[in-house]
Amino acid sequence: MRIAVIADIHGNVLALDAVLDDLRSRGGADLTVNLGDCVSGPLWPRETMERLQALNLPTVRGNHDRRVAQDTADETMWPSDRYAQERLTPAQRQALLALPLTLEIAPGVTAFHARPDHDEKYLADAIVDGQLVRAPLTAIRRRLKPLDPACRLVLCGHSHRNELIHIPGGPIIFNPGSVGCPAYDDDTPPAHVSEQGSPHARYGIVELGKDGSPSRFESIAVDYNHEAAAKQAEQAGRPEWAQALRTGFIKD
């Protein structure tokens, strides 16, 4: 079985289309799973949602999907979530809210956005000196405890950082990186940044062997018209997003 894994599109329909085109050029996949945070961002939330609804992919709910789905905006709502909320229909917002926290993609293969029991806390990351870094193994093990012990493969996103971690005596964790948001600045204490280090659209492919065990992983970075995405962010009044889209970094 060949599984394509996409995550953290954040309304970047140009990056999404580039990833889907690249996947087709590689022969496609038996299944494509979407790990959430679909539309939040100053780009093309409605167009992205329409594209995803047409694809009807197995999808889990991200923290920004939940926030965008709120009925009303207030001063606590992040600008990217408000931008998307204002451009989606009520039915589209309801569709985001209805997404599950976790999905069993195949026997022993579990997908979620951040952690199996929370859509906003990091699984494999820690915050050190304002940057995301690999968390200690003991912390990752503790965060995986809600999983079924039979789980062999975890598919997750949220950090926007590509990761492949084999937990000794436990599952493999695969994070494909972000399709549409290569860097972000989170001022929630403790404030930190995540930076992929290039503007490419990221996704992954996992192959399962005949016994269902993961046998091969590909982490793929696709070039696309990131300058057009950056200009869209600038038009929306978000220069920091434009910087991230152009470079994969928050600051020069």
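Please treat every number below as a calculation from the coordinates, not as lab data. Because the structure is predicted, anything quoted here is derived from the model rather than measured. With ideal geometry, Cβ positions are generated from the backbone for all residues, glycine too; neighbour counts draw on all protein chains shown.
General remarks:
- If the chain linking GLU207 and LEU164 were pulled fully straight, counting 0.36 nm for each residue of separation and taking away their Cα-Cα distance, it would gain 14.1 nm.
- Annotation for region 174-252: trypsin sites (Lys or Arg not before Pro) lying in DSSP loop with at most 14 further Cβ atoms inside 10 Å of their Cβ are LYS210, LYS251.
- Here LYS231 is the anchor, and the lysines within straight C-alpha reach of less than 21 Å, apart from those fewer than 8 places off in the same chain, are LYS251.
- The spread of Cα positions in region 43-172, taken along each principal axis and listed from longest to shortest, comes to 45, 38, 21 Å.
- Restricted to Cα atoms, region 1-83 shows a radius of gyration and a Dmax of 13.6, 46 angstrom.
- Within the chain: Cβ-based charge dipole about Cα centre, in debye rounded to nearest 20 (Lys, Arg +1; Asp, Glu -1): 640
- Listed by chain and number, the aspartates and glutamates whose C-alpha is less than 20 Å from the C-alpha of LYS210, apart from same-chain residues fewer than 8 away, are ASP30, GLU104, GLU218.
- Fraction of beta bridges assigned by DSSP in the chain that are antiparallel (%, nearest 5): 70
- Equivalent ellipsoid semi-axes, the chain, via Cα gyration tensor eigenvalues times 5, rooted, Å: 26, 20, 18
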